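Heads up, the thing below is written out as structure tokens.
The values are calculated or read from the model by the stated rules, or taken from the named source; none is laboratory data. All figures in this text were calculated on a predicted structure; none of them were measured in a lab. FYI the Cβ positions are ideal-geometry reconstructions off the backbone, even for glycines, and counts take in every protein chain you see. What goes into the accessible areas is simple: the full protein's heavy atoms, side chains included, and nothing from ligands, DNA or RNA. Shrake-Rupley method; radii C 1.70, N 1.55, O 1.52, S 1.80 Å.
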Amino acid sequence: ILELEQRGQKRILFGNDMEKLEEEVIRICRLLRVRADRRAVEKARAEKEYIELRSGRPPMFWIPLRVHAVWEKMEVKLACTVLASPPPQVTWYCLTDPSSCSVFFSLFGSMSLLTQPVQLEFLYPFSCFTGELLQNSECRELKYQDREASLTVSCAYKEDEGFYTIRVPSLDGYKEQTTYVFVKDAAAETAGAPGSPLNLKCHDVNKDCLILSWVAPSDNGGSPILGYYIERCVAGSEDWVPCNDKPVKTCRYPVLGLAEGQTYQFRVKAVNKEGISHPSKASDPVTTYDPMDNIALFDIAVIPYDEGRTIEIFQDDLEGHIKIPLPPTNVHASEVREDYVALAWDEPDPRGREPLNYYVEKLIVGSNSWQMVNLDMPVNSPRFALFDLVKGKSYCFRVRSANKYGISEPSLPSEPVTAGAKLATLPPPSQVLAFRDTKTSVVLQWDKLENGLEPLGYYIYCRETGTEEWQTVNNKPVTCNEFTVPGLQPGKEYVFCVKSVNEAGLSESSPETNPIVVRPAIACPSAPHGFVLLNCGKADMTIGWKPPKRKGGTKILGYFLDQHDTSELDWHEVNIQPIPQRVYTVSNLEEGHVYEFRGRAMNMAGVGEVSEPSDLFKCEEWTMPEPGPPYDVKCTEVRDSSLKLHWEAPLYIGAGPVTGYYVDMCEEGSEEWKQINKQSIATTHMKVSDLETGKCYIFRVKALNKAGIGPPSLPSDPVVAKTKPGTKEIELGVDEEGFIYMAFEAPEKNDSSEFIWSKDYEGPPDADRVQTEEKGNKSKLILKDPSEKDLGIYSVEVTDVDDDISPNSVVCLHGSLCFPVIKLISGWNIDILEKGEVRLWLEVEKLSPNAELHLIFNDKELTSTPTHKINFVKGKGLVELIIQNFCDDDKGTYTAQLQDGKAKNQFTLVLLDECKWKFRIKYRLPCSVESFLALSATPLKIQPTEEGIKIYTDVKYYTDYMKTTWYHKEKQLESRDRLKAGSTMNQIWLHILNPTDADKGKYTLELFDGNNSRKLSTDLSGQGKKLKGRICSLPGRARVVQGLPDVATIMEDKTLCLTCCISGDPYPEITWFKNEKVIVFKDRYKMDVKGTVVTITIEKVCNEDTGKYSIYVKNKYGSETGQVTISVYKHGDIPIGMEAEEVQGGIIMKKPT
């Protein structure tokens, strides 16, 4: 038994050891797993950071901010496209007072006024930035989504006017861009009324009064401002109560009679002789209170005692038990204005604990009679304003205190105060200077006012040279003496003036500045970039580079290169004289050595900053059979989905001439290059289409010869496929002399810029066939003798402007070229005059005095004679021929041949027996003539129509003087719902709608000329149902035969094609409708007609294309409509309730049953 027990204990010990070992193994496995997981996470994090680092890019403002000019109380949205990876942290700042910034530097940017289609640029990296950081609020919304950063102000007031800056962090600090928001006065309810005041502020708030101040508006409506009306309301309500009965002359006013502890808001209106302005923006809420309450709560003495304990004595504890109050002290006039005198005084000390009221007394200097001013309205605060004092007289004032125990003795009188002293406006600045800044802005500077005068601010006004109307630049006064005027039209000439603002209003205008043309200030260029090796020999290298992105507002005069041998420490100059081109061969190099290069650009302002060093290039002779890389790859004519790519042929051609090029493309941040063209192209330019709007692309080009494809070019600069705001196109037209021309205006052109025209991108047009004219910022290319040789694509480039301006534009000239034609207003007309003469006439557009007329009759030119009088009124474009005795000899062809300069046209009239002449009778004809008209009527005819039956007779010409009467079964008929009678110039008709058996019988038309009558008859007996039954079976009636479904459901972004067959003889007119509105076929909507098959195509359908569509066909025998309902659904959605089969391409059709 003992042995068995010992054996069991051994087993237990062994089991415990195994359990401990197993637990240790599990612990170690867990520890190893945690370490492996940690390493995997660290590795994944490192890989993620590496990928983000490779795909990252510094922030760039691709579509920059625009200057905005909005009406007061409108919504304004500031938006720009920020390209950055990863998405940046965007912050917005508001700088409504630019005086806090000492310097403005304007580099570049793009923006446009809402009120003008003007392309503008503006960017301010401020040297000291103290703007207000903006946050989301009830009136502001800040967003950054899909690369678009936006700031929306829901209701803009003039107080919101100013500079707004967006800031994004970068590796070297911040990238900033600033724009200006100009808030215009809303249209006045009364023409000529002034603008609204602004900047309301409350001062010296007491228990029952306060002082309100504001700033006068910049626009007085054309007549002086007579004063201001003040209104108040309890905060949170809209019950505005007037505070004054008479207009206040100055921009400051004491508001009395307020309730203690109540919260108020105020607003002001300006008035002139024409009317009252809109109210200003309401002031911030302000609560009335007693300032002495805060003082009474403060302890004025602390007495220590008993080891750290203290006794606090407050002001209220020292008042004692004052019964009858003491008189106030220090009574004085705090403000003296033309409309009022504001008094202030100190409370009695001690004042007592009871609430105090005050009574004010006045005395005219020189008399001994004191008059109490406010007997009916005691004052609760040590402030009071007196109105309606006699101007020019001097007054003294004293005040009595009162509480529930009684009234004090009067205070000491104040110093004499003269009432009605008029506050004068300030003088304007004496000298205002204007300086160039950017292509859309000008910097103004002016001297501060002399004698230490401090205005509330300045208003600035501008006027384009040659006009008389001054425009307001800022509706919120600026307080500094320097301002950058944004939003000007590039290339235009302006003058400026400035007005000072104080409480009395606006000063006179300052002297005008000298006229200044809006162009960028000349500055040193930025650095060149994109250095590339184009060819290499044993001891020389050919280097190319890209131009500076900012040329400094003038022509680049040349470049300076430096070289660096990596085996040495120092850089060495390559050239002493500037290199005019961007390709240069560097000689005297050591074979096998590795070199790097850098450069500087120079313009008339000086030498710019040095570039970053290039890549390392080894000096080793090229012997490869393939061609070298193309270079200078650039993008022009950038639009939402396309652009034009240009490059230069390689300098090294290898074993043979270059036979073509291949173009690769990739999205920025990706390294996946995609070849665009399957077949090589022979030209050094290519149009790239089907780009995705808003995406950023990079391109490179490879050259091809018989040996193969060479190395790729240096990638192009990144370009975003989006049409920039304000992009201009070439204007195609015909001038007054009849010459076809192409014109392009470039407001961003500077003094050294040139217009370079090219045809088919192969160089300038033939100088013998074109003539070029330049005036200011506009260039015109005129075709001297247009013919088929001039057909092609014309483009223009503006030199010496920054790359981001996209100065290229293009127009395609195709089709037949012809001189302009004289426009026809009214074709040939025929009138019969009072004496029986026949007048043939037509009307064209107004012609010049040099216009010529040749009137041809049967191939012979007519001249004016007494029997055939020709009148040619050039100023009215009237051509007329009056024939006295019209006879058979006058039948034939009349042609009016007109020429006015290069413009020509001719118009023909045929008068023959078989023609139905359409005469218009201008005067009542003799009875013989009217009888002739009646005798020309043909027998009655019957014609079925879609609506019923038509009975009619044809006449050669019909006048209103001939009376017509219809009869049915000898009973006179009148027009009613189912019977419509009428006439045209050559037809008289009766239309029977929805005929029945009651409409059978004999119908008679009686024609009466005043003396004689003629009757025409026909019989409908037995034909009503037969004719109506034949209406829909007419073989020539217009019909929609087949093809259209009842419903078509399609996924968005697909292309929808609807096809149907029509019939009719004559061929019917075709009209498509969408929701009962005629469809205009352009852009995405296209219609194709091939015989009887009609197809409508809608490309890239969207939700807006949903609706009811119908085709309407019509000819003289009737009409018919076919209808289809189109429904567009989004990607991923499944149409509900469609019992139909799915057609390939995401289209579901429901066939008609």
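Structure values in brief
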| quantity | calculated |
| --- | --- |
| Protein accessible area in the stretch 402-461, 1.4 Å probe - carbon and sulfur % | 53 |
| Reachable lysines from Lys404, criterion Cα separation under 17 angstrom, eight or more residues apart if same chain | Lys323 |
| Sequence ranges 692-700, 866-874, ranked by mean other-Cβ count within 10 angstrom, highest first | 692-700, 866-874 |
| Probe 1.4 Å, all protein chains present, accessible-area order of Glu24, Glu748, largest first | Glu24, Glu748 |
| Stretch gain in nm, segment Glu609-Met624, where the contour uses 0.36 nm per residue and the Cα spacing is subtracted | 1.8 nm |
| Set of aspartates and glutamates with alpha-carbon distance to Lys674 below 12 Å, sequence-local pairs under 8 removed | Asp664 |
| Stretchable slack from Glu845 to Glu260, in nm (0.36 nm times residue separation minus alpha-carbon distance) | 203.0 nm |
| Net lengthening on full extension, Glu312/Ile681 (0.36 nm per residue, minus Cα-Cα) | 123.2 nm |
| Label-to-label distance, nm, for residues given as Glu1069 and Cys1057 (7 Å Cα→Cβ offset) | 2.9 |
| Spacing of the two label points (7 Å from each Cα toward its C-beta) at Asp831 and Lys902, in nm | 3.6 |
| Accessible-area value, Phe1081, 1.4 Å probe, nucleic acids and ligands omitted, Å² | 70 |
| Simple label model, 7 Å out from Cα along Cβ direction - Ser430 to Asn994, nm | 9.3 |
| Probe 1.4 Å - accessible area at Val610, Å² to nearest ten | 60 |
| Over the stretch 178-252, relative contact order from alpha-carbon pairs under 8 Å, at least 6 apart, % | 24 |
| Per-pair calculated FRET efficiency, R0 = 51 Å: Asn481 and Lys1130 via Cβ, rounded to 0.05 | 0.35 |
| Heavy atoms of Ile576 accessible to a 1.4 Å probe, total area in Å² rounded to 10 | 140 |
| Peptide ranges 1091-1104, 224-237 listed from the most packed, as the mean C-beta count within 10 angstrom indicates | 224-237, 1091-1104 |
| All aspartates and glutamates inside 17 Å of Lys1114 as judged from Cα atoms, apart from same-chain residues fewer than 8 positions distant | Glu946, Glu947, Asp1065, Glu1069, Glu1076 |
| FRET efficiency estimate (nearest 0.05) - Cβ-Cβ, Leu453 to Met372, R0 30 angstrom | 0.15 |
| Surface/4 estimate of mean projected area, convex hull on alpha-carbon atoms of the stretch 433-556, nm² | 11.5 |
| Order by protection proxy (mean Cβ within 10 Å, highest first), peptides 479-490, 73-84 | 479-490, 73-84 |
| Calculated FRET value between Asp172 and Leu651, using beta carbons and R₀ = 35 Å, to 0.05 | 0.50 |
| Fraction of accessible area attributable to carbon and sulfur, the stretch 587-627 (%, probe 1.4 Å) | 43 |
| Restraint check, Lys695/Lys722; Lys902/Lys1082; Lys73/Lys273; Lys980/Lys1002; Lys634/Lys1082; Lys143/Lys1054, Cα-Cα greater than 20 Å | Lys902/Lys1082; Lys73/Lys273; Lys634/Lys1082; Lys143/Lys1054 |
